[in-house]
1. Only residues that are in a helix (DSSP H, G or I), out of contact with any strand residue (DSSP E or B) (no Cβ under 8 Å at 6 or more places or on another chain) and under 14 Å from HIS90 (Cα atoms): list them for segment 30-61, please.
2. If I filter segment 42-85 down to residues being touching a Ser or Thr at 6+ places or on another chain (Cβ under 9 Å) and open to solvent by 70 Å² or more (accessible area, probe 1.4 Å), which single residue comes out as nearest to the ligand (Cβ to nearest atom)?
3. Among all residue pairs at least 6 apart or on different chains, which show Cβ distances below 6 Å where the first residue, located in segment 49-71, is within 11 Å of ARG33 (Cα to Cα) and small (Gly, Ala, Ser) and the second is assigned to a helix (DSSP H, G or I) and near the ligand (Cβ under 10 Å from one of its atoms)?
4. What do you reckon, is VAL23 more than 9 Å from the ligand (Cβ to nearest atom), β-branched (Val, Ile, Thr) and at pLDDT below 80?
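The values are calculated or read from the model by the stated rules, or taken from the named source; none is laboratory data. Just so you know, these numbers come straight off a predicted model, no measurement behind them. All Cβ positions, even for glycine, are placed from backbone atoms using ideal geometry, and neighbour counts span all protein chains on display. Note: areas computed on protein heavy atoms with side chains; ligands, DNA, RNA excluded. Shrake-Rupley method; radii C 1.70, N 1.55, O 1.52, S 1.80 Å.
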Amino acid sequence: MTTDVQRKTSVKPQLDRPKRHKVILLNDDYTPRDFVVQVLKAVFRIGGETAYKIMYVAHTRGACVVSVYPRDVAETKASEANDLAKDAGHPLQFTTEPEE
Ligand code: TYC
């Protein structure tokens, strides 16, 4: 004799994995370039050469994606970086947005 065992919860294929989030560096006219590079190195653990390149792209194009993380990590890093800027009296801003 066969017994049908019905699952209590349906098992859905994991097609909708959580979106990762970009951290975006925004340009402004006042924050010193060196400060931007220091924040990138400290918060995002990026080497000096890469940090300089990211800063320079934001400086020339208006914005640059720093990196992509799970949502909570992206938001924490952006707010850590924004706090450093605020404490130092600079208008530097980082934002986050979901990856496409
Ligand atoms: N544009 C700033 C300046 O000329 C430097 C800067 C670069 C600021 C990148 C923000 O995301 C930024 N001092």
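1. Residues of segment 30-61 that are in a helix (DSSP H, G or I), as a first pass: 33-44, 48-61.
Checking which are out of contact with any strand residue (DSSP E or B) (no Cβ under 8 Å at 6 or more places or on another chain) leaves us with 33-35, 37-39, 41-43, 48-53, 56, 59-61.
Those that are in a helix (DSSP H, G or I), out of contact with any strand residue (DSSP E or B) (no Cβ under 8 Å at 6 or more places or on another chain) and under 14 Å from HIS90 (Cα atoms): ARG33, ASP34, PHE35, VAL37, GLN38, VAL39.
2. In this case the residue turns out to be GLU75.
3. ALA51/VAL37; ALA51/LEU40
4. Working: more than 9 Å from the ligand (Cβ to nearest atom): yes; β-branched (Val, Ile, Thr): yes; at pLDDT below 80: no.
When the stated conditions are applied, VAL23 does not pass them.
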